[in-house]
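The values are calculated or read from the model by the stated rules, or taken from the named source; none is laboratory data. Because the structure is predicted, anything quoted here is derived from the model rather than measured. Cβ placement follows ideal geometry from the backbone for every residue including glycine, while neighbour counts extend to all protein chains displayed. What goes into the accessible areas is simple: the full protein's heavy atoms, side chains included, and nothing from ligands, DNA or RNA. Shrake-Rupley method; radii C 1.70, N 1.55, O 1.52, S 1.80 Å.
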Amino acid sequence: WLFNCEKAGFCCVNRVSGNVKLINKISEQFPLKFDHLKLRKELDKEYIKIVKKNLVPVISEEILVGYPYFGARNIVTNAENIHKLYPNGKIFLIIRNQIDLIVSHYIKYVMGGGIRSLKSFINDSRRGYFFAFDKDSLDYYDQYKLYTDIFGKKNLLILPYEKFCSDPKRFLKK
(Lines give C-alpha, C1' and ligand atoms only; values in the text may rest on other atoms or scores of the structure.)
Protein backbone atom coordinates (compact mmCIF):
# COMPACT_ATOMS: atom_id res chain seq x y z
CA TRP A 1 0.00 0.00 0.00
CA LEU A 2 2.92 2.35 0.70
CA PHE A 3 4.21 2.09 -2.83
CA ASN A 4 0.86 2.68 -4.38
CA CYS A 5 0.61 6.11 -2.79
CA GLU A 6 0.90 8.87 -5.36
CA LYS A 7 1.25 11.46 -2.58
CA ALA A 8 4.49 9.71 -1.60
CA GLY A 9 5.64 9.79 -5.24
CA PHE A 10 5.33 6.07 -5.95
CA CYS A 11 3.06 3.88 -7.99
CA CYS A 12 2.95 0.09 -8.13
CA VAL A 13 3.21 -1.32 -11.59
CA ASN A 14 0.94 -4.20 -10.68
CA ARG A 15 -1.76 -1.90 -9.39
CA VAL A 16 -1.94 0.65 -12.23
CA SER A 17 -3.79 -1.75 -14.44
CA GLY A 18 -5.32 -3.65 -11.55
CA ASN A 19 -3.41 -6.64 -12.86
CA VAL A 20 -1.84 -8.21 -9.78
CA LYS A 21 -1.12 -11.25 -11.92
CA LEU A 22 1.74 -9.35 -13.57
CA ILE A 23 3.73 -9.58 -10.36
CA ASN A 24 2.50 -13.08 -9.60
CA LYS A 25 4.23 -14.14 -12.82
CA ILE A 26 7.55 -13.41 -11.11
CA SER A 27 6.85 -15.78 -8.24
CA GLU A 28 4.29 -18.27 -9.47
CA GLN A 29 5.47 -19.28 -12.90
CA PHE A 30 7.21 -22.60 -13.30
CA PRO A 31 10.89 -21.55 -13.29
CA LEU A 32 11.71 -23.21 -16.61
CA LYS A 33 8.82 -21.38 -18.27
CA PHE A 34 9.67 -17.90 -16.93
CA ASP A 35 9.83 -15.61 -19.97
CA HIS A 36 11.43 -12.43 -18.66
CA LEU A 37 11.40 -10.70 -22.04
CA LYS A 38 7.65 -11.17 -22.47
CA LEU A 39 6.91 -10.11 -18.90
CA ARG A 40 9.24 -7.10 -19.22
CA LYS A 41 7.22 -5.89 -22.22
CA GLU A 42 4.02 -6.18 -20.21
CA LEU A 43 5.56 -4.35 -17.24
CA ASP A 44 7.05 -1.62 -19.45
CA LYS A 45 3.57 -0.71 -20.71
CA GLU A 46 2.58 0.02 -17.13
CA TYR A 47 5.88 1.79 -16.36
CA ILE A 48 5.26 4.27 -19.15
CA LYS A 49 1.91 5.26 -17.64
CA ILE A 50 3.54 5.80 -14.25
CA VAL A 51 6.52 7.80 -15.51
CA LYS A 52 4.17 10.09 -17.46
CA LYS A 53 2.65 11.01 -14.08
CA ASN A 54 6.14 11.89 -12.77
CA LEU A 55 5.97 9.03 -10.28
CA VAL A 56 8.52 6.37 -9.42
CA PRO A 57 7.42 2.98 -10.76
CA VAL A 58 7.73 0.22 -8.20
CA ILE A 59 7.22 -3.52 -8.12
CA SER A 60 5.99 -4.32 -4.65
CA GLU A 61 4.49 -7.50 -3.33
CA GLU A 62 5.17 -9.19 0.00
CA ILE A 63 5.45 -12.64 -1.56
CA LEU A 64 8.49 -11.59 -3.58
CA VAL A 65 10.63 -12.43 -0.53
CA GLY A 66 9.04 -15.86 -0.45
CA TYR A 67 5.59 -17.10 0.36
CA PRO A 68 5.68 -17.61 4.16
CA TYR A 69 3.32 -20.60 4.26
CA PHE A 70 5.55 -22.53 1.87
CA GLY A 71 8.63 -21.82 3.95
CA ALA A 72 9.61 -18.96 1.58
CA ARG A 73 11.09 -21.62 -0.72
CA ASN A 74 10.72 -19.37 -3.78
CA ILE A 75 12.81 -16.43 -2.51
CA VAL A 76 15.91 -17.28 -4.57
CA THR A 77 13.93 -17.89 -7.76
CA ASN A 78 12.03 -14.63 -7.20
CA ALA A 79 15.26 -12.65 -6.73
CA GLU A 80 16.76 -14.22 -9.84
CA ASN A 81 13.61 -13.49 -11.84
CA ILE A 82 13.59 -9.86 -10.72
CA HIS A 83 17.23 -9.61 -11.77
CA LYS A 84 16.41 -11.08 -15.20
CA LEU A 85 13.71 -8.43 -15.57
CA TYR A 86 15.74 -5.53 -14.16
CA PRO A 87 19.46 -6.32 -13.92
CA ASN A 88 20.16 -2.78 -12.71
CA GLY A 89 17.17 -2.68 -10.38
CA LYS A 90 17.17 -1.09 -6.98
CA ILE A 91 15.92 -3.31 -4.18
CA PHE A 92 14.19 -1.90 -1.14
CA LEU A 93 13.49 -4.46 1.57
CA ILE A 94 11.28 -3.51 4.44
CA ILE A 95 11.97 -5.82 7.34
CA ARG A 96 9.85 -6.24 10.43
CA ASN A 97 10.47 -7.33 13.98
CA GLN A 98 10.44 -11.11 13.65
CA ILE A 99 8.17 -11.69 16.66
CA ASP A 100 5.57 -9.28 15.25
CA LEU A 101 5.92 -10.89 11.83
CA ILE A 102 5.41 -14.39 13.21
CA VAL A 103 2.28 -13.24 15.05
CA SER A 104 1.00 -11.58 11.85
CA HIS A 105 1.64 -14.73 9.79
CA TYR A 106 -0.02 -16.85 12.45
CA ILE A 107 -3.13 -14.65 12.51
CA LYS A 108 -3.39 -14.90 8.72
CA TYR A 109 -2.88 -18.65 8.98
CA VAL A 110 -5.73 -18.99 11.51
CA MET A 111 -8.01 -16.66 9.56
CA GLY A 112 -7.34 -18.86 6.52
CA GLY A 113 -8.58 -21.91 8.41
CA GLY A 114 -5.39 -23.07 10.16
CA ILE A 115 -6.00 -24.95 13.40
CA ARG A 116 -2.58 -25.53 14.94
CA SER A 117 -1.40 -23.70 18.04
CA LEU A 118 1.09 -20.86 17.70
CA LYS A 119 3.81 -23.11 19.17
CA SER A 120 3.04 -25.86 16.66
CA PHE A 121 2.93 -23.33 13.80
CA ILE A 122 6.37 -21.97 14.70
CA ASN A 123 7.95 -25.36 15.37
CA ASP A 124 6.31 -27.22 12.49
CA SER A 125 7.69 -30.75 12.31
CA ARG A 126 7.44 -30.46 8.53
CA ARG A 127 9.94 -27.60 8.63
CA GLY A 128 11.94 -27.71 5.44
CA TYR A 129 8.98 -28.84 3.36
CA PHE A 130 6.44 -26.97 1.34
CA PHE A 131 3.15 -26.06 3.03
CA ALA A 132 4.92 -25.23 6.29
CA PHE A 133 6.16 -22.04 7.91
CA ASP A 134 9.96 -22.01 8.28
CA LYS A 135 11.65 -19.82 10.90
CA ASP A 136 14.76 -19.65 8.72
CA SER A 137 12.81 -17.42 6.33
CA LEU A 138 13.03 -14.70 9.00
CA ASP A 139 16.83 -14.53 8.92
CA TYR A 140 17.30 -11.09 7.41
CA TYR A 141 21.03 -11.57 7.00
CA ASP A 142 20.31 -14.37 4.51
CA GLN A 143 18.00 -12.04 2.57
CA TYR A 144 20.63 -9.28 2.66
CA LYS A 145 23.28 -11.69 1.36
CA LEU A 146 21.02 -12.99 -1.41
CA TYR A 147 20.13 -9.55 -2.73
CA THR A 148 23.64 -8.11 -2.43
CA ASP A 149 25.06 -11.14 -4.23
CA ILE A 150 22.59 -10.65 -7.09
CA PHE A 151 22.15 -6.86 -7.28
CA GLY A 152 25.15 -5.49 -5.41
CA LYS A 153 25.33 -3.70 -2.09
CA LYS A 154 24.85 -0.25 -3.65
CA ASN A 155 21.50 -1.33 -5.10
CA LEU A 156 20.00 -2.54 -1.82
CA LEU A 157 18.32 -0.52 0.90
CA ILE A 158 16.91 -2.22 3.99
CA LEU A 159 14.77 -0.34 6.49
CA PRO A 160 12.66 -1.59 9.38
CA TYR A 161 8.89 -1.37 9.19
CA GLU A 162 8.86 0.01 12.72
CA LYS A 163 10.71 3.13 11.50
CA PHE A 164 7.92 3.69 8.98
CA CYS A 165 5.34 3.45 11.77
CA SER A 166 7.20 5.83 14.07
CA ASP A 167 8.31 8.45 11.50
CA PRO A 168 6.79 7.91 8.02
CA LYS A 169 8.12 11.17 6.54
CA ARG A 170 11.71 10.42 7.50
CA PHE A 171 11.30 6.82 6.33
CA LEU A 172 10.11 7.96 2.90
CA LYS A 173 12.99 10.41 2.51
CA LYS A 174 15.45 7.51 2.72
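Of the listed pairs Lys84/Lys108; Lys45/Lys153; Lys21/Lys53; Lys21/Lys174, which have alpha-carbon separations greater than 26 Å here?
Values: Lys84/Lys108 31 Å; Lys45/Lys153 29 Å; Lys21/Lys53 23 Å; Lys21/Lys174 29 Å.
Exceeds cut-off: Lys84/Lys108; Lys45/Lys153; Lys21/Lys174.
So what is the relative contact order of the chain, in percent, for Cα pairs below 8 Å that sit 6 or more residues apart? It would help to have the intermediate numbers written out before the result.
Numbers: 194 pairs, mean separation 40.6, N = 174.
The normalised contact order for the chain reaches 23 percent.
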Hydrodynamic radius by Kirkwood for region 31-126, inverse mean 1/r across distinct Cα pairs, in Å, is 16.0 Å
Given +1 on the Cβ of Lys and Arg, -1 on the Cβ of Asp and Glu, and no further charges, what dipole in debye does the chain carry about its Cα centre, rounded to the nearest 20?
520 debye
Apportionment of accessible area to carbon and sulfur, the chain, percent (1.4 Å)
58 percent
Would you grab the residues whose amide H sits under 5 Å from the one on Arg96? Only those 5+ places off in sequence or on another chain, please, with H modelled 1.01 Å from N.
Tyr161
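Using the eigenvalues of the Cα gyration tensor, what equivalent ellipsoid semi-axes result for the chain when each is taken as the square root of five times the eigenvalue, whole Å, largest first? Can you show the working numbers first?
On the way: eigenvalues 152, 80, 52 Å².
Taking √(5λ) for each Cα gyration eigenvalue gives 28, 20, 16 Å.
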Å² of accessible area per residue within the chain, as computed with a 1.4 Å probe and no ligands counted
63 Å²
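Around Leu85, under 14 Å between beta carbons, what's the net of Lys plus Arg minus Asp minus Glu among the other residues?
Working: positive: Lys25, Lys38, Arg40, Lys41, Lys45, Lys84, Lys90; negative: Asp35, Glu42, Asp44, Glu46, Glu61, Glu80.
Computed value for this residue: +1.
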